[in-house]
1. Does the range 82-95 hold any residues that are surrounded by 14 or more Cβ atoms within 10 Å (Cβ to Cβ) and not polar (S, T, N, Q), and which are they?
2. All but one of (1) of a type outside the set (Val, Ile, Thr); (2) modelled with pLDDT under 95; (3) not in a loop (DSSP other than H, G, I, E, B) hold for GLU202; state the number of the condition that does not hold.
3. Would you be able to tell me the number of residues in the range 154-184 that are among the hydrophobic types (A, V, I, L, M, F, W, C), at pLDDT 90 or above and either in contact with a His (Cβ under 9 Å, 6 or more places away or on another chain) or part of a helix (DSSP H, G or I) (or both)?
4. Within the range 74-94, track down each residue that is in contact (Cβ under 8 Å) with a residue 12 or more places away in the chain and either part of a loop (DSSP other than H, G, I, E, B) or touching a Phe, Trp or Tyr at 6+ places or on another chain (Cβ under 9 Å) (or both).
5. Looking only at the range 110-153, filter to residues that are charged (D, E, K, R), exposed (fewer than 13 other Cβ atoms within 10 Å of the Cβ) and not in a helix (DSSP H, G or I); which one of those is modelled with the highest pLDDT?
6. Determine, yes or no, whether ARG42 is outside the structural domain of GLU202 (by TED's automatic domain parsing) and either surrounded by 13 or more Cβ atoms within 10 Å (Cβ to Cβ) or at pLDDT 85 or above (or both).
7. What about PRO107, is it farther than 26 Å from GLU181 by Cα and not aliphatic (A, V, I, L, M)?
Amino acid sequence: MANVTSAMIKELRQATGAGLMDCKKALKEVDGDIDKAMEFLRKKGLAKAAKKAGRAATEGAVLSYIHPNNRVGVLVEINCETDFVAKTDGFKDFCGDIAMQIAAMNPDAVRREDMDTAKVEKEREILREKALGEGKPEKIVDKIVDGQINKFYSERVLLEQVFVKNGPENSKRTIEELVKETIAKLGENISIRRFARFELGEGLEKKVDDFAAEVAAQVAGTN
């Protein structure tokens, strides 16, 4: 077994924010491998988060975000269990990240079950007709469409979207995974309840800009 040094523990704590004893235990479990220790702590945190997910979350905050060009604004309500956690920097930073995600990626709903069923069925109908028009065998069309609808959800449902501020080491992390990581970090259940997004001139004929790319460029410039 590798010798776990204070320098290794310090490095792991700085990378994960986990407690001293948790870092020491994780390093011992994986024979001193920092990367494996980070994964060990992540899995342990997500397991704890799953246990907290059913707890009542009635405190929290309503946060606003206005993009620097003053063309897009967001209001989002995010709940936690106590007023104490709602006032922490970690919770506020999380709320800010979620508001920026909504501004950049323009989701339709927080969860699948919140989606407009008529819109989903319309999309399914369009995809089915397209598949049939391309000559796909009818017996497999529904399976093909189911896969495409899952992709549709991943683009339109907030919790299933890829986090726009992901780094290269976790490029596929979703908002749902970010929520679970934050629950593990803050020690309380956290729930994104609702949001409203406003875009200047929305619904009017105007030039379409790649706002997601703009936000990504802004984030890259601050790193």
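The values are calculated or read from the model by the stated rules, or taken from the named source; none is laboratory data. Not measured: the values here are computed from a predicted model. So basically every Cβ, Gly included, is an ideal-geometry build from the backbone, and we count neighbours across all protein chains shown.
1. VAL85, ALA86, PHE91, LYS92, PHE94, CYS95
2. It fails just one condition, (3).
3. 5
4. Residues satisfying the conditions are VAL74, LEU75, VAL76, GLU77, ILE78, CYS80, GLU81, THR82, VAL85, THR88.
5. ASP116
6. Taking the combined requirement at face value, the residue satisfies it.
7. no
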